[in-house]
Amino acid sequence: DVEGGNFEEDTACGLCYTSGTTGNPKGVLYSHRSNVLHTFITMGVDTIGMGANDVLLPVVPMFHANAWGLAFACPATGAKMVMPGADMSGAAIYELLDKEKVTITAAVPTVWLMLLTYLEENDLKLPHLRKVVIGGSAVPERILRAFEEKYDVEVVHAWGMTELSPMGTLGALPPSLADATHEEQIAFKLKQGRPPFGVELKIIDDDGNDLPRDGKTSGRLVCRGAAISSSYFKGGGSVLDEDGYFDTGDVATLDSHGTMHITDRAKDVIKSGGEWISSIDIENFAVGHPKVANAAAIGIAHPKWDERPLLIVQAAPGEKPSKEEVLKQLEGKIAKWWTPDDVQFVDEIPLGATGKINKLKLREMFKDYTLPTA
């Protein structure tokens with residue numbers, strides 16, 4: 001009697017596909033058990049922390065890992081859920097936030113860039129909103145500061161994957177930072193945060209050896225937990241190692257408190273002279289320039305250094321930033337040798353279905369590009 005709920009807990013409940021920005025999309029088949037366990041994780045105070053009095057707007061679509069689990073967390077807590085339509089413009093999102101008195105919302109950074117631009121242009125506020133969850137890609141400092149300093153909205157930086165159902169870490173402040181300075185708290189929130197109960201993380205080298213949790217050493221991030229997929233749909237076998245860990249494909253650091261900071265995707269990392277360059281850091285600092293709407297860094301083949309970074313920029317509406325202006329924005333914020341060898345401007349940086357930068361498309365666009373010689 002399936003209608004009465006009399007079925008095995010590992011019965012299939014839903015199928016989502018990875019966004020495929022670094023390869024072909026793969027199907028992840030969720031069970032009723034994994035979705036229930038993941039819902040318990042999202043309900044914690046240091047995760048989403050919602051209650052029956054909250055109004056949630058999951059701008060992140062339900063095909064993106066069940067709207068990051070909110071599709072189940074809302075009915076589980078009794079929270080009102082507001083569903084957006086196809087219009088992701090700043091005006092449309094603001095209308096929903098204001099009209100429905102939304103208290104918690106969630107989306108990728110590109111959505112919030114559009115909303116913040118609309119708020120600024122129209123001198124609007126967000127009196128009802130108390131928390132915004134930002135994930136899918138690293139949150140730029142510009143977005144974090146705007147929400148917290150100008151609109152008094154708490155930012156929760158989240159990281160996860162379709163394979164994790166998708167909760168991996170969240171940037172809720174630990175007790176040790178409760179009385180820290182604002183700048184110290186901002187620095188913490190720019191990291192991906194700590195894993196909630198039910199999720200374990202560690203970093204390893206290419207030979208599978210554990211690496212130190214010193215907040216400095218980068219390694220391949222692996223994860224295990226109660227709601228992590230063991231294999232892909234029709235994918236032919238387990239994707240977990242002998243200890244049950246899933247290789248996320250991310251490169252990250254972990255500190256002694258378990259705080260995780262992603263430095264790149266393994267397939268997107270730029271390797272120059274045998275050393276790694278974080279494309280994420282370059283991108284986020286570049287987006288901090290007021291004339292820049294979006295930015296992406298990719299590796300371009302170099303005869304001496306193997307690869308060197310190329311920075312691709314989409315200008316803000318009505319702006320025409322110069323190469324020199326963009327590079328100056330990076331000075332003092334990244335290692336000098338990380339500085340991109342060139343800056344190229346495009347009308348629009350391609351995004352995937354979930355709003356992430358599509359680096360596969362960018363690499364295709366610039367496959368014949370040659371870096372300028374010194």
Got a sec? Charge dipole of the stretch 38-126, +1 on Cβ for Lys and Arg, -1 for Asp and Glu; which of L57, M43, T105 is way out at the positive end?
M43
Only sites in a loop by DSSP and with at most 10 other Cβ atoms within 10 Å count here; which GluC sites (Glu not before Pro) in the stretch 316-363 make the cut?
E331, E348
At 222 nm, what value in deg cm²/dmol follows for the chain if DSSP H runs of at least 4 each add -39500 (n - 2.57) and the sum is divided by all its residues, to the nearest 500?
-6000 deg cm²/dmol
What number, in percent, do you get for the relative contact order of the chain if the mean sequence gap of Cα pairs under 8 Å and at least 6 apart is divided by its residue count?
13 percent
Run the numbers for D123 and K361: contour at 0.36 nm per residue of separation, minus the present Cα-Cα distance, in nm.
82.1 nm
Site H302, offset 7 angstrom along Cα→Cβ, radius 14 Å on amide nitrogen, limited to the stretch 343-366, gives 343
What does the charge add up to near Y369, with Lys and Arg as +1, Asp and Glu as -1, over the other residues with Cβ less than 15 Å from its Cβ?
+1
Apply the Kirkwood formula to the stretch 208-274: the hydrodynamic radius equals the inverse of the mean of 1/r over all pairs of different alpha-carbon atoms; give it in Å with one decimal.
13.4 Å
The stretch 3-101, accessible area per residue, ligands and nucleic acids excluded (1.4 Å, Å²)
49 Å²
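How much of the accessible area of the chain, in percent, comes from carbon and sulfur atoms when a 1.4 Å probe is used?
Here carbon and sulfur together make up 51 percent of the probe-accessible area.
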Under a crude label model (7 Å from the Cα following the beta-carbon direction), how far is T339 from A52 in nanometres?
6.0 nm
Restricting to DSSP loop positions (anything but H, G, I, E, B) with no more than 16 other Cβ atoms inside 10 Å of their own Cβ, which chymotrypsin sites (Phe, Trp or Tyr not before Pro) remain in the stretch 177-252?
F197, F233
Where trypsin sites (Lys or Arg not before Pro) fall in DSSP loop in the stretch 69-127, at most 16 other Cβ within 10 Å:
K101, K125
So if each residue of separation counts as 0.36 nm, and I subtract the Cα-Cα distance between D207 and S238, what length gain in nm does that give?
9.2 nm
How much accessible area does S137 have with a 1.4 Å probe, in Å² rounded to the nearest 10?
50 Å²
Using the Kyte-Doolittle scale, find the helices of the chain whose mean hydropathy is at least 0.0 and whose Cα atoms extend 18 Å or more along the helix's long axis, counting only whole DSSP H runs.
109-122
Using a 1.4 angstrom probe on the protein heavy atoms only, line up K291, K333 by accessible area, largest first.
K333, K291
Considering only the other residues whose Cβ falls under 11 Å of the Cβ of M260, what net charge follows from Lys and Arg at +1 and Asp and Glu at -1?
+2
Using only the heavy atoms of the protein chains and a 1.4 Å probe, how would M81, M62 rank by accessible area, largest first?
M62, M81
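The values are calculated or read from the model by the stated rules, or taken from the named source; none is laboratory data. The model shown is predicted, which means the values in this text are computed figures rather than measured ones. A quick note on method: Cβ atoms are made from the backbone with ideal geometry, for glycine too, and the neighbour counts reach across all protein chains shown. The protein model used for the area step is the full one, side chains on, heavy atoms only, and it has no ligands, DNA or RNA in it. Shrake-Rupley method; radii C 1.70, N 1.55, O 1.52, S 1.80 Å.
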